[in-house]
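The structure under discussion appears below in the form of structure tokens.
The values are calculated or read from the model by the stated rules, or taken from the named source; none is laboratory data. None of the values given here were measured: they were computed from a predicted structure. Please note: Cβ atoms are built from the backbone with ideal geometry, for glycine as well, and neighbour counts cover all protein chains shown.
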Amino acid sequence: MTAETGYVGPHLTRSGRTSDPWGRYYTSPEVSRSLIERINVPKPKLVLELGSGSGALCAAAASRWQAARLITVDTDKHLSVRECAHSLGQPTQHSHFVHDALDEDLPNKIGLRLGTVDVAVCNPPYIRPRWRADFGSILEDAGLSGTLVSLHDAGADLLFLAQNLRLLRRKGKLGLILPDGLVTAERFSGVRRALLRQHLIEQVVQLPRGIFKGTEAQTYLAVLSKMAGETDQLTLCQMGPDGQLSSAVDVPQELAAKRMDYAFHAQAISAHHLQDGYRRIQVGEALTDVIRGSICSSEIGGFPTAVFHLGDFAEPDGENAIRVVPKRFSLSDRAAKTISRNAHLALPGDILLARVGRNLQNRLALVVHGPCVISDCIFALRATEEHRERLYRFLESEAGQRARATSAHGVAARFLSKQNLLEIQF
């Protein structure tokens, strides 16, 4: 083993409450082996891991591809050679570098040329580094420039993905552990579309929540082959807590660009095949309006009237019971006219549901007694009379709760976007 050190930049050091100072959640041996097993390359000559951490992924790679040359890079000098040597069992063709993995000039610093790596594996940190000009060059080289609405959305996960693509040879394989955002968030739809059109994404596996110690973040295994053709159909599956995989579903490129999570598409496919005597429609077709509250949680205490917030939803009370907004939140017509100048109101007949929160799928209520002020954590669905009762019954049902849960995304504070809500079928 050889080791070299270089500049350890400050750009990747933003502490999280449950991760280490570099925003890393360390990969277990089981997850590492599962990812490596999915990379269909019999005898790679060069294997790379950026952000190697304590070495679980590279150890699994070294165990499978014993004749390969292995290069690892990590910015944490305290892990460096000792940790990797322990994990790998002192492989003879391993070189470890202590360096900023997002340095545009990284290939020269570690003795590689762009486009020469056979297999790259990576579990990127969960942070958003301060933007640097060379990040733009990394995204450009990877064919991902222009895929983001805002450069502020470029987290370490996307930048590590791009850096790996730069270093991979044509038809080289990339195995990644991805967070929920890149897989499901609307703001990354452009990234997903570019990846699907430029590369062959072989599979995406949805992992169980809590599989990484210290976080309930939803994560995924993904394997792609660089520039090996477009992904016309994306294969998705889900890993259970026992490590067993579900049956796969194949999703066309257009739908995969919207989201790449198994739970969402499996639920949609299941709903499509249900025969309940009704024509299935999207939630958006049943609504005349969607109102998001405008009072943030910090303003509720000082607001002149009661504000309906997340903690005010009643618990479910039987299959046929309707959860109603309490009378104490109701405004007179005169008060409603005055308050409406400063806040968004829900009206009688509106269906209220939570748009944020870990258990958002359990929060539902119907406005009955009078107009009420709602917080910005709540959507008010204004449905047509034709669909109102059926929509409420669906959202209250187990199927409706599951649909909202699978449509939401995020880590601890999960959220349901307006677009994802409107696309739910019932």
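Of the residues Phe329, Phe379, the single one that is within 17 Å of Leu416 (Cα to Cα) and touching a helix residue (DSSP H, G or I) at 6+ places or on another chain (Cβ under 8 Å) is Phe379. The residue that is surrounded by the most Cβ atoms within 10 Å (Cβ to Cβ), among those in the stretch 379-422 that are of a type in the set (A, V, I, L, M, F, W, C) and within 20 Å of Tyr220 (Cα to Cα), is Ala403.
This table checks each residue for (1) within 19 Å of Ala101 (Cβ to Cβ); (2) charged (D, E, K, R).
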residue	(1), (2)
Ile138	yes, no
Ala142	yes, no
Leu174	yes, no
Pro179	yes, no
Phe188	no, no
Arg197	no, yes
Ile201	no, no
Val205	no, no
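Among residues of the stretch 168-194 that are more than 17 Å from Val121 (Cα to Cα) and in the same structural domain as Tyr262 (by TED's automatic domain parsing), those with a Cβ under 8 angstrom from a residue that is surrounded by fewer than 19 Cβ atoms within 10 Å (Cβ to Cβ) and of a type in the set (Ser, Thr, Tyr), sequence gap 6+ or separate chain, pair up as Glu186/Ser417; Arg187/Ser150.
The residue pairs whose first member lies in the stretch 35-57 and is over 24 Å from Arg113 (Cα atoms), whose second member is in a loop (DSSP other than H, G, I, E, B) and not β-branched (Val, Ile, Thr), and whose beta carbons are closer than 9 Å, counting only pairs six or more residues apart or on different chains, are Leu35/Asn123; Ser54/Arg24; Ser54/Tyr26; Ser54/Leu79; Ala56/Tyr26; Ala56/Ser28; Ala56/Asn123. Considered as a group, the residues in the stretch 389-412 that are in a helix (DSSP H, G or I) and of a type in the set (Ser, Thr, Tyr) include one that is farthest from Ala263 (Cα to Cα), and that residue is Tyr392. When each of Phe188, Phe135 is tested for being aromatic (Phe, Trp, Tyr), assigned to a helix (DSSP H, G or I) and over 16 Å from the mean Cα position of the chain (by Cα), the lone residue that passes is Phe135.
For the criterion of being in the same structural domain as Val121 (by TED's automatic domain parsing), of a type in the set (Asp, Glu), modelled with pLDDT under 95 and in a loop (DSSP other than H, G, I, E, B), Asp103 fails. Looking only at residues that are touching a strand residue (DSSP E or B) at 6+ places or on another chain (Cβ under 6 Å) and not in a helix (DSSP H, G or I) in the stretch 306-328, which one is nearest to Phe394 (Cα to Cα)? Ranking the qualifying residues of the stretch 306-328, first place goes to Ile322. Of the residues Leu353, Leu331, the single one that is at pLDDT 95 or above, in the same structural domain as His387 (by TED's automatic domain parsing), buried (at least 16 other Cβ atoms within 10 Å of the Cβ) and assigned to a loop (DSSP other than H, G, I, E, B) is Leu331. Test Leu381 against the stated conditions and say whether it is touching a residue at least 40 places away in the same chain (Cβ under 8 Å), closer than 24 Å to Ile295 by Cβ and not in a helix (DSSP H, G or I). Spelling it out, Leu381 is indeed touching a residue at least 40 places away in the same chain (Cβ under 8 Å), closer than 24 Å to Ile295 by Cβ and not in a helix (DSSP H, G or I). Taking every residue in the stretch 349-370 that is without any contact (Cβ under 8 Å) to a residue 12 or more places away in the chain and pairing it with any residue that is surrounded by fewer than 24 Cβ atoms within 10 Å (Cβ to Cβ), at least 6 positions away or on another chain, the pairs with Cβ-Cβ distances below 9 Å are Asn359/Ala405; Asn359/Arg414. If I filter the stretch 169-182 for residues that are acidic (Asp, Glu), assigned to a helix (DSSP H, G or I) and more than 20 Å from Val251 (Cα to Cα), do I get at least one hit? No, that holds for no residue. Could you grab me the full set of residues in the stretch 175-196 that are farther than 15 Å from Phe415 by Cβ, surrounded by 19 or more Cβ atoms within 10 Å (Cβ to Cβ) and touching a helix residue (DSSP H, G or I) at 6+ places or on another chain (Cβ under 6 Å)? Those that are farther than 15 Å from Phe415 by Cβ, surrounded by 19 or more Cβ atoms within 10 Å (Cβ to Cβ) and touching a helix residue (DSSP H, G or I) at 6+ places or on another chain (Cβ under 6 Å): Gly175, Leu182, Arg192, Leu196.
Take Ile291 and decide whether it is among the β-branched types (Val, Ile, Thr) and modelled with pLDDT under 95. Spelling it out, it is not the case that Ile291 is among the β-branched types (Val, Ile, Thr) and modelled with pLDDT under 95.
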